[in-house]
1. In the range 218-263, which residues are among the hydrophobic types (A, V, I, L, M, F, W, C), away from the ligand (no atom under 16 Å from the Cβ) and not in a loop (DSSP other than H, G, I, E, B)?
2. What are the pairs with Cβ atoms under 6 angstrom where one residue, in the range 211-236, is without any contact (Cβ under 8 Å) to a residue 24 or more places away in the chain and the other, located anywhere, is outside any loop (DSSP other than H, G, I, E, B) and more than 15 Å from the ligand (Cβ to nearest atom)? Sequence gap at least six, or different chains.
3. Within the range 89-115, take every residue that is out of contact with any Cys (no Cβ under 9 Å at 6 or more places or on another chain) and among the polar types (S, T, N, Q) and give me the one that is farthest from A290 (Cα to Cα).
4. Of the residues R148, R140, which single one is within 15 Å of the ligand (Cβ to nearest atom), charged (D, E, K, R) and free of Cβ contacts under 8 Å to residues at least 40 places away in the same chain?
5. List the number of the failed condition for N65; all other conditions in (1) within 16 Å of the ligand (Cβ to nearest atom); (2) part of a loop (DSSP other than H, G, I, E, B); (3) touching a helix residue (DSSP H, G or I) at 6+ places or on another chain (Cβ under 9 Å) hold.
6. Search the range 354-376 for residues being part of a loop (DSSP other than H, G, I, E, B) and at pLDDT below 95, and hand back the single one that is surrounded by the fewest Cβ atoms within 10 Å (Cβ to Cβ).
7. On the given criteria, is S196 within 15 Å of the ligand (Cβ to nearest atom), of a type outside the set (A, V, I, L, M, F, W, C) and either within 15 Å of A228 (Cβ to Cβ) or outside the structural domain of H104 (by TED's automatic domain parsing) (or both)?
8. Considering only the range 321-339, I want to know if a residue exists there that is away from the ligand (no atom under 16 Å from the Cβ), in a strand (DSSP E or B) and outside the structural domain of E244 (by TED's automatic domain parsing).
Amino acid sequence: MLSENAEVKPHPVEQPKDLFKKCFDFTLADEVKAQGIYPFFHPIDETEGPVVSFGGRKLVMAGSNNYLGLTSDERVKQASIDAIRRYGTSCSGSRYMTGTVNLHVELEEKLADFFEKERCLLFSTGYQTGQGIIPTLVQRGEYIVSDRDNHASLVAASIMAQGAGANLVRYNHNNMADLERVLQKIPASAGRMIVSDGVFSVSGEIVDLPGLVTLAKKYNARIVIDDAHAVGVIGRNGRGTPSEFDLVDDVDLIMGTFSKTFGSLGGYVVGDRSVINYIKHNASSLIFSASPTPASVAAVLASLEIIRNEPELMTRLIANTDYVRKGLLKEGFDLMPSRTAIVTVLISDQMKTLVFWKKLFEAGVYVNAFIRPGVMPGHEALRTSFMASHEKEHLDKVIAEFATIGRELGVI
Ligand SMILES: Cc1ncc(COP(=O)(O)O)c(C=O)c1O
């Protein structure tokens, strides 16, 4: 207690911290822009698929996930136009409420059939699909067992579940011995879900699914595979990773996106009736977000028909990618292991990656620069990906420009 005569000292006046200080202090993007090597957010003004135009200048697109070239297929475009005519431009609501149209139901039935599972559920993006599955199914005290190289959307979904009391444990990338070490430590009383990309998005590497399934059976874990980069690329008629290994019945949930091979926007999960039904009535990212637009869904329906009926597209895609992979290896580049549609060239230095990217851009080749936070320091890379619609002249240009610039920068 203060005596009556005690001197009352004023509190030092400290300016309360401004939440936005971090934004004002963030200068990296502006510094890179000032050096003319900023590789992000460049607006494309026209696209024909394998060739795109930036400010009127034509470049070979070697960084798109439009693997079968379906975004510019006339049948896919027409399906979207027809859907807009019939249903308008938006459903203006969630699937749960007023946002379901016939096309959503038709696509769910056709995808369940294609992926040889009982049921399918659509989401508005692939990102939201992970958020709809993981925090909904893995609850307080239960375990998410996640590959360290999983896509950022799966990491975000897992952290969301963790916030609600689930446990998140990670195992070293595609390392089955480490996965077993992690599974052994989980108490028998807790449910567990192993989550992995089917085809890893940075490298294009395929998960060791037989190893993963063996361990899941041994430790009674459920499996979710994110097949974003596998559909239309591997598996019987492009059915993805579980089909590639003939393990469809052993994978509990297969999820994916429409933003890659399907040439559209949205996401899906397929699995057993009761599990899909539970997600459908509990997933916040489904219930509280507007449904995929009729135009997006109609494009997927048209793409699905093409994927089913034109396997030659997949054959061409794999041949195109193999051609570039062999060409770059012959030139002496260090590539990440892959036999899918992704060819990732390791540069292992942030500045060199950005300069290499810029020189490719100027030479007429558009690729993706992977720097922090997309990859860890020391793993910087140029990620290229190919389409069924690339011609040999496009692929030769990619290899030739990589070789010239690679020599100039001392990468090869
Ligand atoms: C493995 C993986 N999962 C999910 C997503 C997210 O999909 P979407 O673009 O539909 O949000 C991506 C897209 O980059 C991805 O590569």
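The values are calculated or read from the model by the stated rules, or taken from the named source; none is laboratory data. Source: prediction; values computed, not measured. Note that each Cβ is placed from the backbone with ideal geometry, even for glycine, and that neighbours are counted across all protein chains shown.
1. Of the range 218-263, the ones among the hydrophobic types (A, V, I, L, M, F, W, C) are 221, 223-225, 228, 230-231, 233-234, 245, 247-248, 251, 253-255, 258, 262.
Narrowing further to those that are away from the ligand (no atom under 16 Å from the Cβ): 221, 245, 247-248.
Scanning the range 218-263 gives a single hit, V248.
2. G235/S243; G235/E244; R236/S243
3. N102
4. Going through R148, R140 in turn, the sole match is R148.
5. (3)
6. First, pick out the residues of the range 354-376 that are part of a loop (DSSP other than H, G, I, E, B): 364, 367, 371-376.
Then keep just the ones that are at pLDDT below 95; that gives 371-376.
Values: I371: 21, R372: 12, P373: 7, G374: 15, V375: 21, M376: 10.
In this case the residue turns out to be P373.
7. Details: within 15 Å of the ligand (Cβ to nearest atom): yes; of a type outside the set (A, V, I, L, M, F, W, C): yes; either within 15 Å of A228 (Cβ to Cβ) or outside the structural domain of H104 (by TED's automatic domain parsing) (or both): yes.
When the stated conditions are applied, S196 passes them.
8. Our first condition is that a residue be away from the ligand (no atom under 16 Å from the Cβ); within the range 321-339, this holds for 321-335, 337, 339.
Pick out the ones that are also in a strand (DSSP E or B) and you get 335.
With outside the structural domain of E244 (by TED's automatic domain parsing) added as a condition, the list becomes 335.
Yes, the range 321-339 has at least one match.
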